[in-house]
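Report on the structure given below.
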Amino acid sequence: MLRLGQREFAPHERVIMAIVNRTPDSFYDQGATFRDEPALTRVEQAVAEGAAIIDIGGVKAGPGEEVTAEEEVRRTVGFVAEVRRRFPDVVISVDTWRHEVGEAVCEAGADVLNDAWGGVDPRLAEVAARYGAGLVCTHAGGAEPRTRPHRAQYDDVVADILDVTVGLAERAVSLGVPRESVMIDPGHDFGKNTRHSLEATRRLGEMVATGWPVLVSLSNKDFVGETLDRPVKERVVGTLATTAVSAWLGAQVYRVHEVAETRQVLDMVSSIAGERAPAVARRGLA
């Protein structure tokens, strides 16, 4: 059972985490939700379309203008508090690698800390433990935050993913993070080339077999773009195909931009797997 905030998710329940970027320079929406009202509208729409988790980020993943911890706090904390006020039942996640930011957003009501840079700040897990917050433990190949991979090499990329993410998860639990609130993430594109991300997807079942809930962040990423030779705005179909494969292999949480489309894909996979009844069943019955 996965427990995040006030919510519990059964092992076969496929969960959507909607991305809300509080940045002026995000790679996908170019700052569409940097201001408060558009961002709150985005949250409302995402929840209506089936997102159970809202993932709020104050710094874009790629290189760009420096964002201090103080500025990241300014971009996220007040917004977390307002989302908590307006949507008391939604699970709030914050995408940060900094323990100072983690402390501030947990005080404001965040339920999960999404550490996309693989434990580069070991104190972030300590914050999660102190607040009883969930934690996403990601493989980033040892990359520094906001850097792109350069000649990334692994003897076995999935073996490295397993070693790092399980190690981070076990450390988090040893610090006091609730075991049922820890997720592991293969970190598509982070410290990896496209072939590495494709292999991580193909062998996702090995992560699922560890018993830790697996989160995947696939949405419109470069490995999809390079595989299909498509620019950022033309990667939805490739993303949804990768989502379907990941769902079939057992991933549980999906960090996405397109909530409604992802919900349909996940529901279809769940029904094919025999874990969800069709919404209606009329054909051949009359």
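The values are calculated or read from the model by the stated rules, or taken from the named source; none is laboratory data. As the structure is a prediction and not an experimental result, all values here were calculated from the model. Don't worry about glycine lacking a Cβ; one is built from the backbone with ideal geometry, like all the others, and counts go over all protein chains shown.
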Inset, instruction - Those residues that are under 16 Å from ALA61 (Cβ atoms) and under 17 Å from the mean Cα position of the chain (by Cα), I need them from segment 142-174; list them, please. - result: PRO145, ARG146
Legend entry - Selected residue [without any contact (Cβ under 8 Å) to a residue 40 or more places away in the chain and either assigned to a strand (DSSP E or B) or hydrophobic (A, V, I, L, M, F, W, C) (or both)] from ALA260, ALA244: ALA244
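Under the condition of being assigned to a helix (DSSP H, G or I) and within 18 Å of the chain's Cα centre (by Cα), which residue from segment 206-231 is nearest to ARG3 (Cα to Cα)?
Among those that are assigned to a helix (DSSP H, G or I) and within 18 Å of the chain's Cα centre (by Cα), it is VAL208.
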Inset, instruction - Determine the pairs where a residue that is touching a residue at least 60 places away in the same chain (Cβ under 8 Å) and crowded, with 24+ Cβ neighbours inside 10 Å, located within segment 7-22, has a partner that is assigned to a strand (DSSP E or B) and among the small types (Gly, Ala, Ser) with Cβ atoms under 7 Å apart, the partner being 6 or more residues away or on another chain. - result: MET17/SER93
Inset, instruction - Look through segment 178-195, keep the residues that are outside any loop (DSSP other than H, G, I, E, B) and either touching a residue at least 60 places away in the same chain (Cβ under 8 Å) or in contact with a Cys (Cβ under 8 Å, 6 or more places away or on another chain) (or both), and return whichever of them is farthest from GLY141 (Cα to Cα). - result: GLU180
Inset, instruction - Please enumerate the residues belonging to segment 89-109 that are assigned to a loop (DSSP other than H, G, I, E, B) and either free of Cβ contacts under 8 Å to residues at least 40 places away in the same chain or in contact with a Pro (Cβ under 8 Å, 6 or more places away or on another chain) (or both). - result: THR96, TRP97, ARG98, GLY109
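For every residue, the table says whether it meets (1) in contact with a Lys or Arg (Cβ under 7 Å, 6 or more places away or on another chain); (2) at pLDDT below 95; (3) part of a helix (DSSP H, G or I); (4) closer than 27 Å to VAL224 by Cβ.
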residue: GLU13; (1), (2), (3), (4): no, no, no, yes
residue: PRO24; (1), (2), (3), (4): no, yes, no, yes
residue: VAL43; (1), (2), (3), (4): no, no, yes, yes
residue: ILE54; (1), (2), (3), (4): no, no, no, yes
residue: GLY62; (1), (2), (3), (4): yes, yes, no, yes
residue: GLU71; (1), (2), (3), (4): no, no, yes, no
residue: VAL83; (1), (2), (3), (4): no, no, yes, no
Legend entry - Some residue of segment 30-49 being surrounded by 21 or more Cβ atoms within 10 Å (Cβ to Cβ), within 19 Å of SER217 (Cβ to Cβ), within 15 Å of the chain's Cα centre (by Cα) and aliphatic (A, V, I, L, M): yes
Inset, instruction - Select, from VAL173, VAL166, VAL120, the only residue that is in a loop (DSSP other than H, G, I, E, B), among the aliphatic types (A, V, I, L, M) and surrounded by fewer than 21 Cβ atoms within 10 Å (Cβ to Cβ). - result: VAL120
